[in-house]
1. I'd like to check something: does segment 185-195 contain any residue that is within 24 Å of the chain's Cα centre (by Cα), at positive phi and in the same structural domain as Leu314 (by TED's automatic domain parsing)?
2. Tell me, which strands (runs of 3 or more DSSP E) lie completely within segment 185-276 with 1 or more residues that are surrounded by fewer than 21 Cβ atoms within 10 Å (Cβ to Cβ) and at pLDDT 95 or above?
3. Would you check which residues across segment 148-193 are over 21 Å from Ala277 (Cβ atoms) and in contact with a Ser or Thr (Cβ under 7 Å, 6 or more places away or on another chain) and list them?
4. Please specify each residue of segment 190-227 satisfying the condition of being free of Cβ contacts under 8 Å to residues at least 12 places away in the same chain and within 28 Å of Glu100 (Cβ to Cβ).
5. Within segment 41-61, take every residue that is aliphatic (A, V, I, L, M) and not in a helix (DSSP H, G or I) and give me the one that is surrounded by the most Cβ atoms within 10 Å (Cβ to Cβ).
6. Identify, please: which residue in segment 169-184 is buried (at least 19 other Cβ atoms within 10 Å of the Cβ) and of a type in the set (A, V, I, L, M, F, W, C) and is, among those, farthest from the chain's Cα centre (by Cα)?
7. Only one residue in Arg64, Arg82 is farther than 17 Å from Leu336 by Cβ and either in a loop (DSSP other than H, G, I, E, B) or not assigned by TED's automatic domain parsing to the domain that holds Asp173 (or both), so which one is that?
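The values are calculated or read from the model by the stated rules, or taken from the named source; none is laboratory data. The structure presented is a predicted model; accordingly, all values stated were derived computationally and were not measured. Neighbour counts are summed over all protein chains in view; Cβ atoms, including those assigned to glycine, are modelled from backbone coordinates with ideal geometry.
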Amino acid sequence: MARVIVDARDAVAADARGWGRYARELLAALERARPEGIEIIRAEEQGAGPEVLWEQITLPRILRRERAALVHSPNCFLPLRRPCPGVVTVHDLAFEAHPEDFSRRTGTKYRLLARRAARSAERVIVPSRFTRADMAKRWGIDPGKVRVIPEAPALPVTDLESPEGPYLLAVGDIRLKKNLLRLVQAFRALHADGLPHRLVLAGADQGQAAALLDAAGDAPVELTGYVDDARLDALMRGADVLVHPSLYEGFGLVVVEAMARGTPVACSAAGSLPETAGGAAELFDPRDVAGISAAILAITGDPSHRTDLAQLGLARAAELSWDAAAALTAGVYRELL
């Protein structure tokens, strides 16, 4: 039985964001599947001290102690010196494309260690063809060792009542790459023209909230702050449109989460989003405020189009599953075992 050690720290985080959801859902699916000849072992107790020391010193010791046949780091930071082959998941290169969204210390760690991890890894897993191409362009990573494994909806569906409508919803931490200022500007124009909706922005403030409220003027814009899974599910189910205007995404999990609930999606045509949407969303140029407005109106102003998008979205979301992702990931492990 080959022992595969997975860095599971993000999987047990209390307020899991995208990477945490990936680690949690992938590990759960791998443990359900019990791939033949493979034993999955979680490494999740970091203890005291900086993360980088655990990643580069403590984890290699665990690998030697457990006689690991393989290590998988689902969060970019693979041990650079290790006693076994390594697989690393790189979700995106946002820290390269939008360094302004990261503190100097965090950005430096990502740019130095994530790049070296990808170069040293025997295999790299990415969630989209876009991220594979971006790694080849920015870092010179050989696409031949990169495997594209899409993510899947993970947010539980609850019975929590949705807020009263009508409203548009955007989900994600409030930071520059999410491009929410242009969305607010587009919404303000729509409100002035009589759109009856309000705009709900669900996500932790990373320093942009005040500018968004100022740009909204008298248009009804609500900032919820970070919301837990149940409330996020309720917000998604009740929205007339999920609007995702991001300038850069490595996958865009929020898009397929909305689709899985039958919520029509209008999203940016940037990064991986057209690939993730799979023809089931209204696309727009994220730098064109008028284009964002037009995409929203195309859905809110045409009930037939709204219904068609909802059905297309349900079908697209059904194509993706964590069990499929786990099977493909186990296949990557077997390439190296």
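1. No - not one qualifying residue is present in segment 185-195.
2. 198-202, 221-225
3. Answer for segment 148-193, where residues must be over 21 Å from Ala277 (Cβ atoms) and in contact with a Ser or Thr (Cβ under 7 Å, 6 or more places away or on another chain): Ala189, Leu190.
4. Ala210, Leu213, Asp214
5. Ala43
6. Val184
7. Residue meeting the stated conditions: Arg64.
Rundown of residues vs (1) within 23 Å of Gly313 (Cβ to Cβ); (2) surrounded by 14 or more Cβ atoms within 10 Å (Cβ to Cβ), yes/no style:
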{"site": "Thr131", "(1), (2)": "yes, yes"}
{"site": "Met135", "(1), (2)": "no, yes"}
{"site": "Gly140", "(1), (2)": "no, no"}
{"site": "Val146", "(1), (2)": "no, yes"}
{"site": "Pro150", "(1), (2)": "yes, yes"}
{"site": "Pro153", "(1), (2)": "yes, yes"}
{"site": "Asp159", "(1), (2)": "yes, no"}
{"site": "Pro163", "(1), (2)": "yes, yes"}
{"site": "Tyr167", "(1), (2)": "yes, yes"}
